[in-house]
Structure formats: C-alpha cells, structure tokens
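Below you'll find the structure, written out as structure tokens, and then a few comments.
The values are calculated or read from the model by the stated rules, or taken from the named source; none is laboratory data. Being a predicted model, the structure only gives us computed values, none of them experimental. Just the protein is used for accessible areas: all its heavy atoms, side chains included, with ligands, DNA and RNA removed. Shrake-Rupley method; radii C 1.70, N 1.55, O 1.52, S 1.80 Å.
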Amino acid sequence: MAAVEKAGGKAVKRSAGILLFRGTPGATPEVLLGHMGGPFWASKDAGGWTIPKGEYEPDETAEAAARREFLEELGLPVPDGELLPLGENTQPNGKIVTIWALEGDLDTALVVPGTFTMEWPRGSGNVREFPEVDRAEWFPLDAAGDKILTAQRTFLDRLHRLLAAAD
C-alpha cells in the first residue's frame, strides 16, 4: 500500500526518488534516467524515461523511500553525498512526487533492475515478470527533457536552476 493522504476526500498517493547527476567544470551536467520496463514502454523513447522513484508507505519517510527505490529499481546503492531537495510536484494522476538531486557517478553497465509482475497480454490470464527499468543511461541535462516523462521535467528545470545558482 502506498503512502496516501486525503485531499478533498480523495486518497493521494506519494512517491519519492533521487535524480543522480554528474559533471565536470565547464561541461554540461548529465543526469541518470531509467527507461521504464514492461510492454507499454518497450518501443517508446521520448517520454519513456524516468527518475528512479517509487511509492511509499505512510510509516516510511520520503527520503528513506527515495533511497530504497533507487536500490530496488537499479540494483545499486545510492552513492554517498548530500541530497539536495528539488521539492514536490503533483503529477496529472494526482500523485505527489518528491525528488532529491545527488551529485555522484554510477556505471550503467552494473545496473540490475528490480522486477514487477503483471498480466500480459491484458485479459489473457498470463502473469509475466518485467524489469522496473530495462536500461539506465546518462543524458546531458539540456537533452534529458526530451527523454523524461513530461510530468517530471520540472525536476530537471529545478536542478538546472540549482546548479546555475551554485556557479
């Protein structure tokens, strides 16, 4: 069961994640995104990438959930470093997503994604297992907006402003 609260009598789910970024002085920063796994996303590139994140329970903090989901989705621990809050955003489905940025590096060849099960094809009675993300890649921050889910672009904008303010 995901973390929920009541908004106007309606249950609101919550999700949290970590947007990993890396860069060198004078170069465009890069962000790590995961391509969503499963049959719905198999042939979608633009808009088919996501920040490693997931839903959490009411008894779990958003930060703990973000760290857990990073590990579950990528199969690798969160790199050491200071989490930089990028805030919340309400998605079109009403879910409230909280994201932190973290400067660090990760070898995408080492990613071993977690899995989920679903009936596929829908209505067939066949339950299959799919990866949470089928691959992870680094993208220049200015190009990642074309790859990431539209509802998550705001977090890229916030990271861009955060990094620009630090220069």
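Using only protein heavy atoms and a 1.4 Å probe, report how much of Ser43 is accessible, in Å² to the nearest 10.
That residue has around 120 Å² of solvent-accessible surface.
Can you send over the solvent-accessible area of Val112, 1.4 Å probe, protein chains only, in Å² to the nearest 10?
Solvent-accessible area, nearest 10 Å²: 100 Å².
For the full complex of protein chains and a 1.4 angstrom probe, list Lys95, Lys13 by accessible area with the highest value first.
These residues rank, largest area first, as Lys13, Lys95.
As I understand it, the value is the acute angle between the Cα axis of helix 62-74 and the longest principal axis of the Cα atoms of the chain; what does it come to in degrees, rounded to 10?
80
If DNA, RNA and ligands are ignored and the probe is 1.4 Å, what is the ranking of Glu103, Glu119 by accessible area, most exposed first?
Largest to smallest exposure gives the sequence Glu103, Glu119.
If you bin the C-alpha pair distances of segment 32-158 every 10 Å from 0, what whole percents do you get?
12, 41, 37, 9, 1
Over the chain, with the other protein chains present, what is the accessible area per residue in square angstrom, probe 1.4 angstrom?
For the chain, the solvent-accessible area averages 53 Å² per residue.
Using alpha carbon centroids, what distance separates segment 14-56 and segment 113-136, in Å?
The two parts, judged by their Cα centres, are 19 Å apart.
What is segment 91-167 by shape, rounded, prolate or oblate, if you read a ≥ b ≥ c off the alpha carbon gyration tensor as root eigenvalues and call it rounded for a/c under 1.5, prolate for a/b larger than b/c, and oblate otherwise?
Taking the square roots of the gyration eigenvalues as a ≥ b ≥ c, segment 91-167 is prolate.
Give the angle, between 0 and 90 degrees and rounded to the nearest 10, that separates the Cα long axis of helix 153-166 from the longest principal axis of the Cα atoms of the chain.
Result, in degrees: 20.
Got a number for carbon plus sulfur as a percent of segment 1-132's accessible area, 1.4 Å probe?
Carbon and sulfur atoms account for 53 percent of the accessible area of segment 1-132.
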